[in-house]
Amino acid sequence: MNKIQKKGQLEISFQLIFSLILIAAFLYASMVGIKYFINTAEHAKINSFIAELDSRVESAQISTEISQSYELPLSNNVKYVCFATPNTLTATGLKSLNISECNDFNTYLSAFKNMNMFFCPAEGAWKVGAPVYVNIDCRGKDCLVFPKSPYCIKSNGKVTIKLEKNYGDAKVKLS
């Protein structure tokens, strides 16, 4: 009798299997590396925004009179930059903003109400390890005043901020 032999297995050499495993490992490592560098760039943009704004506010505070607009780059992960007079914000004031992307106002009220600037949505900064709540001041002194509290500015990768100070004013108006 003639027996027919059927093979149900693929005949692949060990070298080919090992090569495929190495290629998959290299692809995974490259994706992780690319994500790390993108997050680092976003983190740097947020920190650069904070440092630049702090520097501009300090120089405006030292000036006797100023009215200057600045366009500062910011991460696309952040949709709004909000400012508030520290320790004066209430839940009603935050809800009046009616910003759907920023639903973490309660965190601000409970833990960070002594800060005068925060990013919305908070996840945009948290994802990349950047600070979400910051206190912009002039060498430890509260030196900012806002048109209203809270005051939010929409971001599209850049934020335009106007700093004004009239002769004799103690604080810099941010709008």
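The values are calculated or read from the model by the stated rules, or taken from the named source; none is laboratory data. Computed from a predicted model, the values in this text were never measured in an experiment. Please note: Cβ atoms are built from the backbone with ideal geometry, for glycine as well, and neighbour counts cover all protein chains shown.
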Q: For residues that are among the β-branched types (Val, Ile, Thr) and within 19 Å of the chain's Cα centre (by Cα), scanning just segment 116-175, find the one that is nearest to Ile66 (Cα to Cα).
A: Ile161
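Okay, residues lined up against (1) buried (at least 17 other Cβ atoms within 10 Å of the Cβ); (2) within 15 Å of Val81 (Cα to Cα); (3) not polar (S, T, N, Q):
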{"site": "Trp126", "(1), (2), (3)": "no, yes, yes"}
{"site": "Tyr133", "(1), (2), (3)": "yes, yes, yes"}
{"site": "Cys138", "(1), (2), (3)": "yes, no, yes"}
{"site": "Pro150", "(1), (2), (3)": "yes, yes, yes"}
{"site": "Leu174", "(1), (2), (3)": "yes, yes, yes"}
Q) List, please: which pairs have Cβ atoms under 9 Å, are six or more places apart or on different chains, and start with a residue in segment 23-40 that is in contact (Cβ under 8 Å) with a residue 24 or more places away in the chain and within 14 Å of Val128 (Cα to Cα) and end with one that is surrounded by 10 or more Cβ atoms within 10 Å (Cβ to Cβ) and small (Gly, Ala, Ser)? A) Asn39/Gly129; Thr40/Gly129
Q) Of all residues in segment 46-92 being in contact with a helix residue (DSSP H, G or I) (Cβ under 7 Å, 6 or more places away or on another chain) and of a type in the set (Gly, Ala, Ser), which is nearest to Cys138 (Cα to Cα)? A) Ser75
Q | Some residue of segment 85-93 being within 16 Å of Leu53 (Cβ to Cβ), surrounded by 14 or more Cβ atoms within 10 Å (Cβ to Cβ) and modelled with pLDDT of 80 or more | A | no
